[in-house]
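Written out below as C-alpha cells is the structure these notes cover.
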C-alpha cells in the first residue's frame, strides 16, 4: 500500500520535503508502525519522526489507529514559539 505522508516544521526541513510517498507492505498498518517504518527508512529524521504526532484524515490519531488506503496522513513534530 502506498501512503502519502505530509510533513511539517522541523521534520520537513530535515527530510528536505513537505511530502513523500511511502510503500508500506504491512496490513493492517497502524500509526505507530508507520512511524517505526519511516524511522528505519529515514534514519537521519528518526528523532523527529519518533516525537511527531500522526494525523489521519485531519485528526490526531492514537498509536493503534489503522491507516487505510487513500487516507490522508501527516506527521506533525512538536513546535515551540515565542
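The values are calculated or read from the model by the stated rules, or taken from the named source; none is laboratory data. Here the structure is a predicted model, which means the values were calculated and not measured. A quick note on method: Cβ atoms are made from the backbone with ideal geometry, for glycine too, and the neighbour counts reach across all protein chains shown.
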task: For residue 6, state whether it is assigned to a helix (DSSP H, G or I) and under 13 Å from the mean Cα position of the chain (by Cα).
output: no
statement: Residue count, segment 25-38, condition modelled with pLDDT under 95 and surrounded by 16 or more Cβ atoms within 10 Å (Cβ to Cβ), comes to 0
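Filter segment 52-62 down to residues that are part of a strand (DSSP E or B) and surrounded by fewer than 16 Cβ atoms within 10 Å (Cβ to Cβ) and give me whichever is nearest to the chain's Cα centre (by Cα).
Taking segment 52-62 as the starting set, the residues that turn out to be part of a strand (DSSP E or B) are 53-56, 59-60.
Still in the running and surrounded by fewer than 16 Cβ atoms within 10 Å (Cβ to Cβ): 53, 59-60.
Numbers: 53: 8, 59: 13, 60: 11 Å.
Across segment 52-62, the extreme among qualifying residues is 53.
Residues checked against (1) closer than 18 Å to residue 2 by Cβ; (2) touching a strand residue (DSSP E or B) at 6+ places or on another chain (Cβ under 9 Å); (3) assigned to a loop (DSSP other than H, G, I, E, B); (4) without any contact (Cβ under 8 Å) to a residue 40 or more places away in the chain:
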{"site": "12", "(1), (2), (3), (4)": "no, yes, no, yes"}
{"site": "22", "(1), (2), (3), (4)": "yes, yes, no, yes"}
{"site": "26", "(1), (2), (3), (4)": "yes, no, yes, yes"}
{"site": "34", "(1), (2), (3), (4)": "yes, yes, no, yes"}
{"site": "39", "(1), (2), (3), (4)": "no, no, no, yes"}
{"site": "50", "(1), (2), (3), (4)": "no, no, no, yes"}
{"site": "64", "(1), (2), (3), (4)": "no, yes, yes, yes"}
{"site": "75", "(1), (2), (3), (4)": "yes, yes, no, no"}
{"site": "79", "(1), (2), (3), (4)": "no, no, yes, no"}
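On the basis of being surrounded by 14 or more Cβ atoms within 10 Å (Cβ to Cβ), in contact with a helix residue (DSSP H, G or I) (Cβ under 7 Å, 6 or more places away or on another chain), free of Cβ contacts under 8 Å to residues at least 12 places away in the same chain and part of a helix (DSSP H, G or I), does residue 46 make the cut? Steps first, please.
Working: surrounded by 14 or more Cβ atoms within 10 Å (Cβ to Cβ): yes; in contact with a helix residue (DSSP H, G or I) (Cβ under 7 Å, 6 or more places away or on another chain): yes; free of Cβ contacts under 8 Å to residues at least 12 places away in the same chain: yes; part of a helix (DSSP H, G or I): yes.
The answer is yes for residue 46.
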